[in-house]
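Here is the structure we will look at, set down as structure tokens.
The values are calculated or read from the model by the stated rules, or taken from the named source; none is laboratory data. Computed from a predicted structure; not experimentally measured. We place every Cβ from the backbone using ideal geometry, glycine too, and count neighbours over all the protein chains shown. Calculation scope for accessible area: heavy atoms of the full protein, side chains included, ligands and nucleic acids excluded. Shrake-Rupley method; radii C 1.70, N 1.55, O 1.52, S 1.80 Å.
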Amino acid sequence: LTLAEALSPMNAKLETNEHLIQRISSEYKLNAKQHIAFTIAARQFLMVSNEYTSEKSAEHIPPLLMFMTGPGGTGKTHAIRALQSLMSAYSCQHYIRFLAPTGSAAALVDGMTIHAALGITITCQRNKGKGGRNPGDDMEDISVIIPVKKHAQLRIEWKNVSFLVIDEVSLLDLGLLCDMDYALRYAKEAHDVPFGGINMIFSGDFCQYPPVSGAALYTSTKGSSKATIEELRRRLGRLSWKRVETVVEFDEQMRMSADPEYANAVKRLRLRQCTEAD
């Protein structure tokens with residue numbers, strides 16, 4: 001940089017932002033992987049915010065699609081709390097929202113279920129199965145309708161949301177991810193942009209529980225000229241998931257740091273590599 005560039009207001013602002021990122025990282029005592037994930041999300045927030053980026057240029061910044069993975073207790077949520085602290089420093093804590101596939105998972109992050117937050121409902125049509133059987137007698141007989149309700153209210157509620165954290169992604173079904181993608185496109189009135197242009201942070205561990213009666217995000221899909229609606233939803237959900245290209249794998253056990261012997265045993269159990277001693 002030239003002296004003039006180094007002393008320009010924008011570079012001074014950028015330097016201040018970087019110092020704030022470092023200070024918050026130190027205050028939260030983030031380890032190496034936590035710091036990486038936090039810094040990626042923090043810089044994205046600073047770029048898309050109006051602190052030093054015009055609204056017009058912010059529209060051309062690609063949204064962040066990040067996956068934070070690793071065993072429970074490695075501090076994925078802690079890194080997100082640091083991001084919340086940064087947003088609070090700019091009075092932008094309302095820019096971020098937390099969702100999860102189930103009510104219990106949502107409660108742990110003070111969030112909502114995906115269905116409730118996006119107005120997605122699931123209706124099982126009765127007596128519509130083959131041969132007059134009730135849905136449930138055969139998986140092929142179940143017809144699921146998932147409409148988006150209260151369109152105007154949805155757009156109002158999501159108008160200022162620019163970051164969305166999805167926790168416990170191992171429980172997330174490909175079909176539900178498809179519905180979430182299109183609901184967000186509608187809510188943000190950005191129909192041609194994945195997830196409506198919202199910066200997405202997925203968090204979870206695929207070694208944990210898979211979705212109940214559904215297809216996990218890592219499930220491969222096959223093309224077919226006679227695909228059912230459910231197969232199409234899963235295929236679209238798979239395409240949405242494959243857009244996620246920023247991945248941070250957490251590997252330092254923080255929750256059980258005081259008991260490394262137990263932590264190592266749990267790590268081996270997670271990978272089905274238990275020893276006799278374990």
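What the table shows:
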read-out: Only listed residue being part of a helix (DSSP H, G or I), open to solvent by less than 40 Å² (accessible area, probe 1.4 Å), under 18 Å from GLY237 (Cα atoms) and at pLDDT 95 or above, chosen from LEU177, LEU184; value: LEU177
read-out: In the stretch 48-68, the residues that are open to solvent by 20 Å² or more (accessible area, probe 1.4 Å) and at pLDDT 90 or above; value: PRO62, PRO63, LEU65
read-out: All positions within the stretch 81-110 that are within 14 Å of MET200 (Cβ to Cβ) and either in contact with a Phe, Trp or Tyr (Cβ under 8 Å, 6 or more places away or on another chain) or open to solvent by 40 Å² or more (accessible area, probe 1.4 Å) (or both); value: LEU83, TYR95, ILE96, ARG97
read-out: Top-ranked residue of the stretch 252-276 - restricted to ones that are touching a helix residue (DSSP H, G or I) at 6+ places or on another chain (Cβ under 9 Å) and at pLDDT below 90, ranked as surrounded by the most Cβ atoms within 10 Å (Cβ to Cβ); value: GLN253
read-out: Matching residues, the stretch 170-198, being closer than 26 Å to GLY72 by Cβ and touching a residue at least 60 places away in the same chain (Cβ under 8 Å); value: LEU171, LEU172, ASP173, LEU174, GLY175, LEU176, LEU177, MET180, PHE195, ILE198
read-out: Subset of the stretch 203-245 that is of a type in the set (S, T, N, Q) and outside any loop (DSSP other than H, G, I, E, B) - its residue that is surrounded by the most Cβ atoms within 10 Å (Cβ to Cβ); value: SER203
read-out: Tabulated pairs, the stretch 208-231, first touching a residue at least 60 places away in the same chain (Cβ under 8 Å), second surrounded by 14 or more Cβ atoms within 10 Å (Cβ to Cβ) and outside any loop (DSSP other than H, G, I, E, B), C-beta under 6 angstrom, 6+ apart or interchain; value: GLN208/SER170; PRO211/LEU171
read-out: Residue check, GLY237 in contact with a Lys or Arg (Cβ under 9 Å, 6 or more places away or on another chain) and of a type outside the set (Val, Ile, Thr); value: no
